[in-house]
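Asks: Take a look at the following structure, please.
The values are calculated or read from the model by the stated rules, or taken from the named source; none is laboratory data. Note that this is a predicted model, so its numbers are computed, not measured. Glycine gets a Cβ as well: all are built from the backbone with ideal geometry, and neighbour counts include every protein chain shown.
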Amino acid sequence: DANMKAGAATEGVLANFFNSLLSKKTGSPG
Amino acid sequence: MSTSGPLDRLELCESLLTWVQTFGVEAQCKTVEDMTNGVVMAQALQKIDEVYFNDAWISRIKPDVGDNWSVVFSYGILGQHINDFTLPDVSLIGEHSDPAELGRMLQLILGCAVNCEQKQEYIQTIMMMEESVQHVVMTAIQELMSKETP
């Protein structure tokens with residue numbers, strides 16, 4: 001049960017990070 | 001933003017090697033040795049921005065020529081607005097297949113991918129990857145972001 005909770009927390013951190021990256025303004029390439 | 005501790009450079013290389021395979025480039029990219037001539041990275045960069053990394057640019061990349069790295073590195077990477085990031089020693093990648101330096105190089109390409117016009121596509125692909133890989137990718141991006149200049 002503790003492992004499941006830790007896994008869900010990690011998943012949440014990753015999803016939060018990548019979703020915030022998606023909403024970040026695009027910079028110049030290169 | 002929280003950080004996830006220092007990056008293990010070998011783990012970074014391994015994870016970003018997995019990531020670069022998602023580009024589906026023509027050249028094989030399963031091992032560090034596959035990356036040493038710079039062709040895979042050039043093809044990945046062209047997928048990231050085919051206007052900037054155009055056909056004329058990629059025509060300078062030859063599989064059997066040793067100076068590909070100068071083409072990839074100087075034109076492709078140095079335009080990023082980052083400070084205080086140890087730039088990869090490309091001669092160590094080309095001559096010794098150094099995984100730590102390759103990891104740094106792939107990290108910079110990752111920085112291009114998550115900042116480009118099609119970043120949504122690349123970020124969503126990363127989000128479909130194994131959690132351990134996602135974690136390393138996140139840490140690598142966080143490190144780059146911490147060194148970004150405004």
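Asks: Residue B:38 is checked against (1) modelled with pLDDT of 95 or more; (2) surrounded by 21 or more Cβ atoms within 10 Å (Cβ to Cβ) and fails just one. What number does that condition carry?
Replies: Residue B:38 satisfies every listed condition except (1).
Asks: What are the residues in the range B:112-136 that are of a type outside the set (S, T, N, Q) and within 9 Å of another protein chain (Cβ to nearest Cβ), if any?
Replies: If the condition is that a residue be of a type outside the set (S, T, N, Q) and within 9 Å of another protein chain (Cβ to nearest Cβ), then B:112, B:114, B:116, B:117, B:119, B:123, B:126, B:127, B:131, B:135 are the ones that fit.
Asks: In the range A:15-30, what count of residues is obtained for those that are modelled with pLDDT of 95 or more and either among the acidic types (Asp, Glu) or touching an Asp or Glu at 6+ places or on another chain (Cβ under 9 Å) (or both)?
Replies: 0
Asks: Name the residue that is surrounded by the fewest Cβ atoms within 10 Å (Cβ to Cβ), counting only residues in the range B:98-150 that are under 21 Å from residue B:84 (Cβ atoms) and among the basic types (Lys, Arg).
Replies: Selected residue: B:147.
Asks: Which one is surrounded by the fewest Cβ atoms within 10 Å (Cβ to Cβ), of the residues in the range B:43-64 that are in a loop (DSSP other than H, G, I, E, B) and within 13 Å of chain A (Cβ to nearest Cβ)?
Replies: Filtering the range B:43-64 for residues that are in a loop (DSSP other than H, G, I, E, B) and within 13 Å of chain A (Cβ to nearest Cβ), the one surrounded by the fewest Cβ atoms within 10 Å (Cβ to Cβ) comes out as B:51.
Asks: Another question, if that's okay. Starting from residues that are more than 8 Å from chain B (Cβ to nearest Cβ) and within 16 Å of residue B:122 (Cβ to Cβ), keep the ones in the range A:8-22 and report whichever is surrounded by the fewest Cβ atoms within 10 Å (Cβ to Cβ).
Replies: A:20
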